[in-house]
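Reviewing the structure listed below.
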Amino acid sequence: MKKKIGPIFSILREVKNLTLKDVTSNEFSIAQESKFERGETSLTIDKFMILLENSQIALDEFNDFFENYSLSEEYTFHEELREAHRLKDLSRIRKWLNYWEKEVKKNPDKKYLDLNCRATKIALALTSGVSPLNEDIVFLMNYLEDIKQWGRYELWLFSICQHYLDDNMLEYYGTDIFKKSHFYKNIHQNQQMVIRTILNLLNSWLYRKNLSNALIYINRVKSIGISIEFFEEAISLRYLEGHYRFLLGDDDGKEIMIDCVKDIEKYGYTQEAAELYQEIKDL
């Protein structure tokens, strides 16, 4: 990953028509910057921040470009795992599990590798419809409990675990989620992750037919607000609101759910639509 940062910064510098001298501003050598952009050396954080400042590139802008351009291992892993769960693709999840198990053996001191491995085991169990090992759930939850502020990684880990938490634990973390993610809340992708997490919690409460808690989470999502570009999250909220109304005894709730599925179908999500139509039929 480190070798990619320099070349990717080089792309952004050239797009802005800036020279090596422009971005270093005599604060460190052009030769060092040139080697960095070729991926031959790394820079200290202080020097990298100088480059961003002199290029008028915000750190979150660079990070977003980096993730989309390089498709880092972590980014690819999270997206593929989410897609594999959606498609019930057990073979793809098993490939990732095999990969992380090998990485843990090679680098036993790197905690995040063990976390990824256990999260993949839980995702495999969830997709297979079986119960995961309790020790894996406990390991991840102990890690999350020790973290004072959650970023995207911690929100992702919680989304993997939440299906197996009892009502008390789900209520505890659901109430705490705003405090846990407050520090990072202004980062665009983190906002999306927080909204997805709360929608998943809302879905869990509806599945458990706990309507008082479900209403709390409907209002929490509305208090945050869903940006116009978060199409999937906006449709999910409307669908879950329809489900809530149906469970209250309002027949119009089911019609709202069907309208949401029609919108999803219109945008080409045929498999997801078929699954939701079946879910509505089973109500």
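The values are calculated or read from the model by the stated rules, or taken from the named source; none is laboratory data. Computed from a predicted structure; not experimentally measured. Here the Cβ positions follow ideal geometry from the backbone for every residue, glycine too, while neighbour counts run over all protein chains shown. Note: areas computed on protein heavy atoms with side chains; ligands, DNA, RNA excluded. Shrake-Rupley method; radii C 1.70, N 1.55, O 1.52, S 1.80 Å.
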Top-ranked residue of the range 25-71 - restricted to ones that are open to solvent by 30 Å² or more (accessible area, probe 1.4 Å), outside any helix (DSSP H, G or I) and β-branched (Val, Ile, Thr), ranked as nearest to residue 6 (Cα to Cα): 41
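Yes or no, residue by residue, for (1) closer than 22 Å to residue 191 by Cβ; (2) of a type in the set (Ser, Thr, Tyr):
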position: 236; (1), (2): yes, yes
position: 240; (1), (2): yes, no
position: 249; (1), (2): no, no
position: 256; (1), (2): no, no
position: 259; (1), (2): no, no
position: 268; (1), (2): no, no
position: 276; (1), (2): no, no
position: 283; (1), (2): no, no
Filtered residue count, the range 102-137, keeping only those that are surrounded by 15 or more Cβ atoms within 10 Å (Cβ to Cβ) and charged (D, E, K, R): 5
Filtering the range 207-247 down to residues that are more than 22 Å from the chain's Cα centre (by Cα), outside any helix (DSSP H, G or I) and of a type outside the set (S, T, N, Q) yields 208, 209
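Considering only residues of the range 83-102 that are acidic (Asp, Glu) and assigned to a helix (DSSP H, G or I), which is farthest from residue 129 (Cα to Cα)? Let's see the steps before the verdict.
From the range 83-102, those acidic (Asp, Glu) are 83, 89, 101; that's our starting set.
With assigned to a helix (DSSP H, G or I) added as a condition, the list becomes 83, 101.
Working: 83: 16, 101: 22 Å.
Top of the filtered list is 101.
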Kindly establish whether residue 141 is more than 18 Å from the chain's Cα centre (by Cα) and assigned to a helix (DSSP H, G or I). no
Based on what the data block shows, is residue 238 in contact (Cβ under 8 Å) with a residue 12 or more places away in the chain and open to solvent by 80 Å² or more (accessible area, probe 1.4 Å)? yes
Residues that are out of contact with any His (no Cβ under 9 Å at 6 or more places or on another chain), among the aliphatic types (A, V, I, L, M) and part of a helix (DSSP H, G or I): does the range 126-136 have at least one? no
Select from the range 101-114 the residues that are at pLDDT 95 or above and within 18 Å of residue 161 (Cα to Cα) and list them in ascending order. 114
State which residue is modelled with the lowest pLDDT when the search covers only the range 11-24 and only residues that are open to solvent by 50 Å² or more (accessible area, probe 1.4 Å) and assigned to a loop (DSSP other than H, G, I, E, B). 16
Please work out which residue is surrounded by the most Cβ atoms within 10 Å (Cβ to Cβ), limiting yourself to the range 143-182 and to residues that are among the polar types (S, T, N, Q) and closer than 21 Å to residue 78 by Cα. 181
Restricting attention to the range 81-100, which residues are more than 16 Å from residue 118 (Cα to Cα), modelled with pLDDT of 85 or more and of a type outside the set (A, V, I, L, M, F, W, C)? 83, 88, 89, 91
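Look at residue 185 and say whether it is of a type outside the set (A, V, I, L, M, F, W, C), open to solvent by 10 Å² or more (accessible area, probe 1.4 Å) and modelled with pLDDT under 80.
Values: of a type outside the set (A, V, I, L, M, F, W, C): yes; open to solvent by 10 Å² or more (accessible area, probe 1.4 Å): yes; modelled with pLDDT under 80: yes.
Here the answer is yes, as residue 185 does meet what is asked.
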Set 210, 219: member being surrounded by fewer than 19 Cβ atoms within 10 Å (Cβ to Cβ), under 26 Å from residue 167 (Cα atoms) and without any contact (Cβ under 8 Å) to a residue 24 or more places away in the chain: 219
